[in-house]
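Engineer: Before we start, here is the structure in question, set down as structure tokens.
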Amino acid sequence: MRKLFTTLLTLSLAFSGMTAYAVNEGTNPYAPKGEAVIGKTQLLYKFDNQKKNVVSGSEIGAPEGWTFECTNREKNIEQSSSITVEGNKYASMKLSNGAVHTVTLPEGYVANAVTIYSVSNVDATTRECFWAKVGVDLETPEVGYLKSYKDYTNPDVSYFKLSGDSNTFDIKNSGEQVVVVLVVDYSEPTTTDPTEPEDPVELTHVVAHNIEGVENTGYVVYSDTENNTTNNKEKVTINGKEYICIAFGKSWNAGEQNHVELKPEGGLKEGDVITFTGCTNVTDENNTKKGAIKISTTDGTALSTSADFPNLKTGASDHGTHTYTLTKDYESLVLSRSGNTKTLITTLAVTRVAGTGEGNEGGEGEGEGEGPTTSIDTISSETETVIYDLFGRRVQNPSNGIFIINGKKVLVK
């Protein structure tokens with residue numbers, strides 16, 4: 001069976017070599033000492049401002065399956081002031097002092113370590129605060145070692161290695177109340193089937209062509225000044241993950257610069273699927289500045305335009321996604337901005353399913369989601385079924401969308 005996707009690139013939020021803030025010097029026995037990231041990292045913060053006993057998923061800036069819970073049922077988790085983490089501000093989670101809080105990862109994941117950015121929620125510097133439990137009960141010094149009092153731009157930073165064999169761990173503080181932002185170092189389950197590709201990691205502005213003999217290339221970023229990506233890169237953080245994006249500073253007309261040209265060896269074929277995610281990152285108090293990405297032919301004929309992307313500056317926590325299936329062959333196509341400046345592509349992929357793009361019957365229409373796709377309402381479980389989404393990630397229970405099922409592109413309703 002052909003591999004469905006070529007290897008994708010990843011850019012993880014890394015804390016290796018990180019030095020502690022000044023408030024940690026000589027006081028915090030758990031201050032980080034340049035520990036390398038073991039797996040991947042997920043940042044947890046209080047995105048939702050509702051007071052709850054259990055918060056999960058987007059409420060803590062994480063994918064579904066992540067939860068943060070106060071096991072003392074009479075107490076809640078609240079949103080507090082923003083803590084600065086590596087130059088970015090995140091609304092913190094207020095912990096009830098003395099309560100046990102449990103972090104749970106998706107089933108099958110393993111928590112390797114956690115970095116805790118914390119601020120004591122009192123003004124008096126003589127009132128002590130320290131960690132009593134992080135995964136295991138801790139030996140604490142006679143005096144408190146968390147000393148960032150109401151200083152949210154200069155938090156304490158503590159690092160704890162976990163058992164590395166569980167998808168859950170507990171946190172408990174003693175002394176005064178603290179507010180925190182967490183960075184969890186975790187590992188995902190690995191595939192045990194050597195005939196299938198590993199679940200691809202998240203890609204960053206790389207066009208992945210599943211075309212035999214074609215490497216992960218086939219695209220050119222045309223900037224305002226020259227044919228390279230130097231002037232078209234911008235770094236953003238979404239759900240705690242850092243992305244190097246393709247940034248569009250100007251609109252594009254046929255023959256002008258500032259666009260991305262998709263031009264794989266042998267061209268693009270009917271049935272190829274173009275998938276991209278994106279966002280905007282522009283100050284806009286009235287939320288009037290919109291940005292999207294359109295797919296065009298090289299002469300400027302628009303084929304498909306995404307919906308307006310979410311704006312990170314107005315509280316968005318995720319990407320917008322757009323998918324377009326080619327209804328005919330093209331030597332090359334163009335991606336360009338439609339709308340405001342600071343429109344960014346965060347991920348970009350072109351995929352070709354085995355058997356498509358080779359003599360398929362298809363009309364000449366140019367519409368969203370058209371092409372050689374089978375439609376089904378249910379999936380049989382009588383034989384082993386291998387399912388991927390359009391980013392090449394393994395899926396167990398697909399619903400409402402296009403998926404690669406046993407090597408074929410299928411619309412699941």
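Engineer: Restricting to the stretch 318-330, name every residue that is surrounded by fewer than 18 Cβ atoms within 10 Å (Cβ to Cβ) and either among the aliphatic types (A, V, I, L, M) or not in a strand (DSSP E or B) (or both).
Structural biologist: Residues satisfying the conditions are Asp318, Lys328, Asp329.
Engineer: Here's something else I'd like to know. Taking the criterion of being outside any loop (DSSP other than H, G, I, E, B), within 22 Å of the chain's Cα centre (by Cα) and at pLDDT below 75, would at least one residue in the stretch 296-315 satisfy it?
Structural biologist: No: the stretch 296-315 contains no residue that is outside any loop (DSSP other than H, G, I, E, B), within 22 Å of the chain's Cα centre (by Cα) and at pLDDT below 75.
Engineer: Which numbered condition trips up Ala208, out of (1) at pLDDT 50 or above; (2) surrounded by 17 or more Cβ atoms within 10 Å (Cβ to Cβ); (3) out of contact with any His (no Cβ under 6 Å at 6 or more places or on another chain)?
Structural biologist: Of (1) at pLDDT 50 or above; (2) surrounded by 17 or more Cβ atoms within 10 Å (Cβ to Cβ); (3) out of contact with any His (no Cβ under 6 Å at 6 or more places or on another chain), only one is false for Ala208: (1).
Engineer: Determine, yes or no, whether Thr283 is under 27 Å from the mean Cα position of the chain (by Cα), at pLDDT 80 or above and open to solvent by 20 Å² or more (accessible area, probe 1.4 Å).
Structural biologist: yes
Engineer: Within the stretch 77-100, can you find the residues that are polar (S, T, N, Q) and either open to solvent by less than 20 Å² (accessible area, probe 1.4 Å) or touching a residue at least 40 places away in the same chain (Cβ under 8 Å) (or both)?
Structural biologist: The answer is Ser80, Ser81, Ser82, Thr84, Asn88, Ser92, Ser96, Asn97.
Engineer: Can you list the strands (runs of 3 or more DSSP E) lying wholly within the stretch 107-191 that have 2 or more residues being under 18 Å from Thr27 (Cα atoms)?
Structural biologist: 110-120, 129-134, 156-161, 168-175
Engineer: Return yes when Asp185 is charged (D, E, K, R), crowded, with 21+ Cβ neighbours inside 10 Å and under 31 Å from the mean Cα position of the chain (by Cα) and no when it is not.
Structural biologist: So Asp185 passes the test.
Engineer: Between Val178, Val119, Val134, which is open to solvent by less than 10 Å² (accessible area, probe 1.4 Å), under 24 Å from Ser317 (Cα atoms) and within 29 Å of the chain's Cα centre (by Cα)?
Structural biologist: Going through Val178, Val119, Val134 in turn, the sole match is Val119.
Engineer: Could I ask something else about it? List the pairs whose first member sits in the stretch 239-253 and is touching a residue at least 12 places away in the same chain (Cβ under 8 Å) and surrounded by fewer than 16 Cβ atoms within 10 Å (Cβ to Cβ), whose second member is among the small types (Gly, Ala, Ser) and assigned to a loop (DSSP other than H, G, I, E, B), and whose Cβ atoms are under 9 Å apart, counting only residues at least 6 apart or on separate chains?
Structural biologist: Gly249/Ser223; Asn253/Gly300
Engineer: Out of the stretch 30-76, which residues are among the hydrophobic types (A, V, I, L, M, F, W, C) and either open to solvent by less than 40 Å² (accessible area, probe 1.4 Å) or outside any loop (DSSP other than H, G, I, E, B) (or both)?
Structural biologist: The answer is Ala31, Leu43, Leu44, Val54, Val55, Ile60, Ala62, Trp66, Phe68, Cys70.
Engineer: If you scan the stretch 146-160, which residues turn out to be touching an Asp or Glu at 6+ places or on another chain (Cβ under 8 Å), at pLDDT below 90 and surrounded by 15 or more Cβ atoms within 10 Å (Cβ to Cβ)?
Structural biologist: Within the stretch 146-160, Leu146, Lys147, Ser148, Tyr149 qualify.
Engineer: Could you tell me how many of the residues in the stretch 331-346 are open to solvent by 20 Å² or more (accessible area, probe 1.4 Å) and touching a residue at least 60 places away in the same chain (Cβ under 8 Å)?
Structural biologist: 6
Engineer: Looking at this structure, is Lys269 farther than 25 Å from Leu43 by Cα and either in contact with a Ser or Thr (Cβ under 8 Å, 6 or more places away or on another chain) or open to solvent by 70 Å² or more (accessible area, probe 1.4 Å) (or both)?
Structural biologist: yes
The values are calculated or read from the model by the stated rules, or taken from the named source; none is laboratory data. As the structure is a prediction and not an experimental result, all values here were calculated from the model. We place every Cβ from the backbone using ideal geometry, glycine too, and count neighbours over all the protein chains shown. Just so you know, the surface numbers come from the protein's heavy atoms only, side chains and all, with ligands and any DNA or RNA stripped out. Shrake-Rupley method; radii C 1.70, N 1.55, O 1.52, S 1.80 Å.
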